[in-house]
Amino acid sequence: MARPKLAGGSQKCGRPPGPDSSLEPYVQTRIFKIIVIGDSNVGKTCLTFRFCGGTFPDKTEATIGVDFREKTVEIEGERIKVQVWDTAGQERFRKSMVEHYYRNVHAVVFVYDVTKMTSFTNLKTWIEECNGHAVPPLVPRVLVGNKCDLKDLIQVPSSMALKFADAHNMLLFETSAKDPKESQNVDAIFMCLACRLKAQRSLLCRDLEGRPGQPRRLEPTHDANGKNSCPC
Ligand SMILES: Nc1nc2c(ncn2[C@@H]2O[C@H](COP(=O)(O)OP(=O)(O)OP(=O)(O)O)[C@@H](O)[C@H]2O)c(=O)[nH]1
Ligand SMILES: [Mg+2]
């Protein structure tokens, strides 16, 4: 079984101390660890394939343990490595790995299959598992209904999914890993999370840089036009 390369610990602000402060700033690529969770067969592997590789795989097999995929994206001039953990949906292929999934996670994507009601009702179990691993409330979560291309087979109405997403403070994306016309929508899932994380971590850095004993205030980041820089 693949041993996970553990992410985290590399999100430093500023630059390391150096002998010559006139040198170019040392640029460290930040890594955001995003885990993709949900029942077996909902399309987690295909969604991560679509985002990281831009294609829909001809054939997939049940994921064993975890598969890692990566994509480097640029947000407001900063290169960020999005490290996607494609987890196993089948209990027997995930049980020894669960602790690794949640350790130092930065964001969580919950996936269900819009053509399979049980994959939607099982979401509460996945959320319980996530909560049981003490994932901090600041870690953003999104809900993804996959296989929207199978229009005649839809069992989970959008209204029901939206209500659930609202109740759990998540954004909802309904999409298809298979339909190439949906590829931007698939990208948006991960880009939205990366933008949020970047914004959050800028606040955190600014907060940590505050002088000890000084009052600290967290404010949203804005671009040059004064707009909030997150697209979602
Ligand atoms: N029609 C359609 N089929 C899809 C879509 N996404 C995935 N599939 C199919 O669904 C099946 C399961 O996809 P996977 O991505 O392997 O599912 P998984 O969630 O990774 O499953 P586990 O690894 O067992 O947890 C495959 O036959 C895919 O071809 C989609 O958007 N539309
Ligand atoms: Mg898989």
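Values quoted throughout were computed directly from the atomic coordinates according to the rules given, and no laboratory measurement underlies them. Since this is a predicted model, take the numbers as computed values, not measurements. FYI the Cβ positions are ideal-geometry reconstructions off the backbone, even for glycines, and counts take in every protein chain you see.
Just to be sure I understand: of the beta bridges DSSP finds with both ends in segment 62-176, what percent are antiparallel, rounded to 5? Kindly include the intermediate steps, with their values, before the conclusion.
Numbers: 10 of 20 bridges.
Looking only at bridges with both residues in segment 62-176, the antiparallel portion is about 50 percent.
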For this session: For segment 27-109, give the share of DSSP beta bridges that are antiparallel, in percent and rounded to the nearest 5; count only bridges with both residues there.
Result: 50 percent
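Give the peptides 152-163, 167-178 in descending order of average Cβ contacts within 10 Å, highest first. Could you put the intermediate results ahead of the total?
Numbers: 152-163: 13.2, 167-178: 18.3.
Most protected by this proxy first, the peptides run 167-178, 152-163.
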Seminar exercise, completed: Neighbours of L150 by Cβ distance under 14 Å: Lys/Arg at +1, Asp/Glu at -1, summed charge -2
Problem set entry | Extension gain from E61 to K181, taking 0.36 nm per residue of separation minus the Cα-Cα distance | 40.8 nm
Problem set entry | Ranking of F93, F164, F32 by count of other Cβ atoms within 10 Å, fewest first | F93, F164, F32
